[in-house]
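Undergrad: Just passing along the structure, written as structure tokens.
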Amino acid sequence: MSNAVDVGQPEDAMVRVCRVKLDVFDAQGYVSAVKLRGFLGSLFVDDVEFHHHSERSYHYPLIQYKRVNGDLLILGLQDYAKVLMNKMSVVDSISTRRGSFKVLSQELDLSTWQVRNVSCCYDFVTPWLALNEANYSNFKYCNRAEQKAFLEKIIVGNTLSCLKGLGIFVDYRVESFIVSFRSFCVGAHGNPFEAFTARFFLNVDLPDFIGLGKSVSKGFGTIRRTL
């Protein structure tokens, strides 16, 4: 693997994960990850981790909302694993501007994941927002090979940000290698963004459905291990 950086000393490399899968009566798919975030953020308005609206500087979101292959998912990480599990007991419907949608069932899984130094292959299963205004123009002027290397470095940086937000510090070099990638346009924050899908190797064993990159609380950058 070609893109790597050294990071700090090892501590407790465990991640507490609560994954909630919602079966919602929503044949048209109106309840997006963003709408789910808006509803639960309003329902639990006293806890900023559910809506991420605060004057605090950015931190890695410990509550993340997803729609993956039509499934609505919520991820609660570290201290917010049990918080999410406890709070979901009162959620029996989801209200949006389109109306109220009944929650038919909830599938909750509470587990502890050990982050290990092992090579894993992942897919981005939701659009990955890798670029910001500062590096977008540099990326566009790169050739295909340079773009691949550019994105590999960003995956490493995104992974380090994720680990730091989870309170995990490792003593090995984080490395990435992209097998394939393509770009496409998506709407985010009311504006068009260039997003990516990619298959890549990473020498960090992360939980399925965790997010990397920008706007992970809204479902972007969700990864899943490939078979």
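The values are calculated or read from the model by the stated rules, or taken from the named source; none is laboratory data. Keep in mind the model is a prediction, meaning the values are calculated, not measured. Cβ sites come from the backbone with ideal geometry, for glycine too, and all protein chains shown count toward neighbours. Just so you know, the surface numbers come from the protein's heavy atoms only, side chains and all, with ligands and any DNA or RNA stripped out. Shrake-Rupley method; radii C 1.70, N 1.55, O 1.52, S 1.80 Å.
Undergrad: Read phi for every residue in the stretch 100-110 and hand back ³J(HN,Hα) as whole Hz from Karplus 6.51 cos²θ - 1.76 cosθ + 1.60, θ = phi - 60°, with x for Gly and Pro.
TA: After applying 6.51 cos²θ - 1.76 cosθ + 1.60, I find 9, 10, 6, 8, 6, 6, 10, 10, 10, 9, 10 Hz.
Undergrad: Under the √(5λ) rule applied to the eigenvalues of the Cα gyration tensor, what semi-axes describe the equivalent ellipsoid of the stretch 11-116? Give them in Å, descending. If you can, show how the numbers build up before the last one.
TA: On the way: eigenvalues 113, 56, 28 Å².
Three semi-axes, in Å: 24, 17, 12.
Undergrad: When the accessible area of the chain is split by element with a 1.4 Å probe, what percent falls to carbon and sulfur? Let's see the in-between values first.
TA: Working: 5820 of 11610 Å².
C and S fraction of accessible area: 50 percent.
Undergrad: Roughly how much of MET85 is accessible, in Å² to the nearest 10, using a 1.4 Å probe?
TA: About 70 Å², ignoring ligands and nucleic acids.
Undergrad: I'd like the accessible area for VAL118: 1.4 Å probe, protein heavy atoms, all chains in place, Å² to the nearest 10.
TA: Spelled out: VAL118, probe radius 1.4 Å, area about 50 Å².
Undergrad: Let me know the Kirkwood hydrodynamic radius for the stretch 102-227, please, with Cα pairs as the basis and the value in Å to one decimal. Don't skip to the end; give the middle numbers.
TA: Working: mean 1/r = 0.0645 Å⁻¹.
Result for the stretch 102-227, one decimal place: 15.5 Å.
Undergrad: In sequence order, what are the phi-derived ³J(HN,Hα) couplings for the stretch 72-79 according to the Karplus relation 6.51 cos²θ - 1.76 cosθ + 1.60 with θ = phi - 60°, rounded to whole Hz, with x for glycine and proline?
TA: Result, rounded to whole Hz: 8, 10, 10, 10, x, 10, 6, 4.
Undergrad: When ligands, DNA and RNA are left out and all protein chains stay put, how many square angstrom of accessible area per residue does the stretch 95-227 have with a 1.4 Å probe? Display every interim value, and only then the final one.
TA: Values: 6680 Å² over 133 residues.
The answer is 50 Å² per residue.
Undergrad: Could you list, bin by bin from short to long, the percent of Cα-Cα pairs of the chain in 5 Å steps?
TA: 1, 6, 14, 19, 19, 16, 12, 7, 3, 1, 0
Undergrad: Using the alpha-carbon atoms, what tilt in degrees (0 to 90, nearest 10) does helix 33-43 show relative to the longest principal axis of the chain?
TA: Relative to the chain, helix 33-43 is tipped by roughly 50 degrees.
Undergrad: Give me, ordered by chain and number, the residues 5 or more places off ASP205 or on other chains with an amide H under 5 Å from its own placed amide H.
TA: Amide H to amide H, under 5 Å and 5 or more residues apart or across chains, ASP205 pairs with ARG116, VAL118.
Undergrad: Same structure again: For VAL48 paired with MET14, estimate the spin-label separation in nm (one decimal), with each label point 7 Å from Cα along the Cα-to-Cβ line.
TA: A separation of 2.9 nm, rounded to one decimal place.
Undergrad: Report, in debye and to the nearest 20, how large the dipole of the chain comes out about its Cα centre when Lys and Arg carry +1 and Asp and Glu carry -1 on their Cβ. Could you put the intermediate results ahead of the total?
TA: Details: 26 positive and 23 negative charges, 129 e Å.
Computed about the Cα centre, the dipole is about 620 debye.
Undergrad: A follow-up question, please. Show me the three semi-axes of the equivalent ellipsoid for the stretch 121-178, from the C-alpha gyration tensor (sqrt of 5 times each eigenvalue), largest first, rounded to whole Å.
TA: Details: eigenvalues 99, 33, 29 Å².
Whole-Å semi-axes of the equivalent ellipsoid: 22, 13, 12.
Undergrad: As an exercise, identify the chymotrypsin sites (Phe, Trp or Tyr not before Pro) in the stretch 89-182 lying in DSSP coil whose Cβ has no more than 10 other Cβ atoms within 10 Å. If you can, show how the numbers build up before the last one.
TA: Working: sites: PHE101, TRP113, TYR122, PHE124, TRP128, TYR136, PHE139, TYR141, PHE150, PHE169, TYR172, PHE177, PHE181; in loops: TYR141, PHE169, TYR172.
Those satisfying the criteria are TYR141.
Undergrad: Just from its helices, what would the mean residue ellipticity at 222 nm be for the chain, if runs of 4 or more DSSP H residues each count -39500 (n - 2.57) and the sum is divided by every residue, rounded to the nearest 500 deg cm²/dmol? Show your work: numbers first, answer last.
TA: Working: 4 runs with 50 residues, N = 227.
Result for the chain: -7000 deg cm²/dmol, rounded to the nearest 500.
Undergrad: For the stretch 116-125, in order, what is each residue's ³J(HN,Hα) by Karplus, 6.51 cos²θ - 1.76 cosθ + 1.60 with θ = phi - 60°, in whole Hz (x at glycine and Pro)?
TA: For the stretch 116-125, the Karplus curve yields 10, 8, 8, 6, 10, 9, 10, 10, 7, 9 Hz.
Undergrad: Compute the accessible area per residue over the stretch 43-88, keeping the other protein chains in place, probe 1.4 Å, unit Å². Walk me through the numbers before you get to the answer.
TA: Details: 2310 Å² over 46 residues.
That works out to 50 Å² per residue.
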